[in-house]
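The values are calculated or read from the model by the stated rules, or taken from the named source; none is laboratory data. Computed from a predicted model, the values in this text were never measured in an experiment. Glycine also receives a Cβ, built like all others from the backbone with ideal geometry; neighbour counts cover every protein chain displayed.
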Amino acid sequence: MSEVDAQQATRAPASVIVVVVLTYIAGVLDIVAGIFVILLRYADDVDEIGGQATVTLIGAATILLGLLTIAIASGLSRGDRAARIAATVILGITLAVGVTAIVTGSGISVSTIVEVVLIAGVMTALYVGPASRYFAKRSADS
């Protein structure tokens, strides 16, 4: 098999590439959101939202979640089965939180609905069609 054929055989399908890009974007947005949350510690009414220490810890946790998401995206791009499972767990938790917010009425907004729909689409794209075959082939090659 030539080098070009070998490259074609290991190239990720378009659906996996879209999932990887969306996962990278989600990770970067988590990092940016974490920075903004940390900056809230300087707000005048910080005591009403838990105090400086609480706000800082929440921001740091959000940044770490973003870094984890980026690491998972890297694994997805390589066809790593563990990264696929980790992405499913993180996205599943986010999906459950979003659906709970919608059902309870505490978080009904256009952004929450869009987030839930996008996450459901990403999770579906990870397990159907070419993506499923790609991850199965990559795990069989290892």
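Things worth noting here:
- Within the stretch 49-58, not a single residue is of a type in the set (A, V, I, L, M) and touching a residue at least 40 places away in the same chain (Cβ under 8 Å).
For every residue, the table says whether it meets (1) outside any loop (DSSP other than H, G, I, E, B); (2) surrounded by 13 or more Cβ atoms within 10 Å (Cβ to Cβ).
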position: Glu48; (1), (2): yes, no
position: Thr54; (1), (2): yes, yes
position: Ala61; (1), (2): yes, yes
position: Leu64; (1), (2): yes, yes
position: Leu67; (1), (2): yes, yes
position: Gly79; (1), (2): no, yes
position: Thr88; (1), (2): yes, yes
position: Tyr134; (1), (2): yes, yes
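To keep it simple, each residue is scored yes or no on (1) in contact with a His (Cβ under 9 Å, 6 or more places away or on another chain); (2) hydroxyl-bearing (Ser, Thr, Tyr); (3) closer than 28 Å to Arg78 by Cα.
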| residue | (1), (2), (3) |
| --- | --- |
| Thr104 | no, yes, no |
| Val110 | no, no, no |
| Ile113 | no, no, no |
| Val117 | no, no, yes |
| Arg138 | no, no, yes |
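- Filter result for Ile72 (in contact with a helix residue (DSSP H, G or I) (Cβ under 6 Å, 6 or more places away or on another chain), at pLDDT 90 or above and farther than 26 Å from Ala125 by Cβ): no
- Candidate set: the stretch 96-117, residues that are closer than 17 Å to Ile25 by Cα, of a type outside the set (D, E, K, R) and surrounded by 16 or more Cβ atoms within 10 Å (Cβ to Cβ); chosen: the one modelled with the lowest pLDDT: Thr112
- Residue within the stretch 79-92 that is farther than 29 Å from Ala131 by Cα, more than 11 Å from the chain's Cα centre (by Cα) and in contact (Cβ under 8 Å) with a residue 24 or more places away in the chain present: no
- Restricting attention to the stretch 5-27, the residues being surrounded by fewer than 15 Cβ atoms within 10 Å (Cβ to Cβ) and assigned to a helix (DSSP H, G or I) number 10.
- Hey, Ser109 under 22 Å from Pro13 (Cβ atoms) and among the polar types (S, T, N, Q) or not: no
- Sole exception among (1) more than 13 Å from the chain's Cα centre (by Cα); (2) crowded, with 16+ Cβ neighbours inside 10 Å; (3) closer than 14 Å to Val20 by Cα for Thr124, by number: (2)
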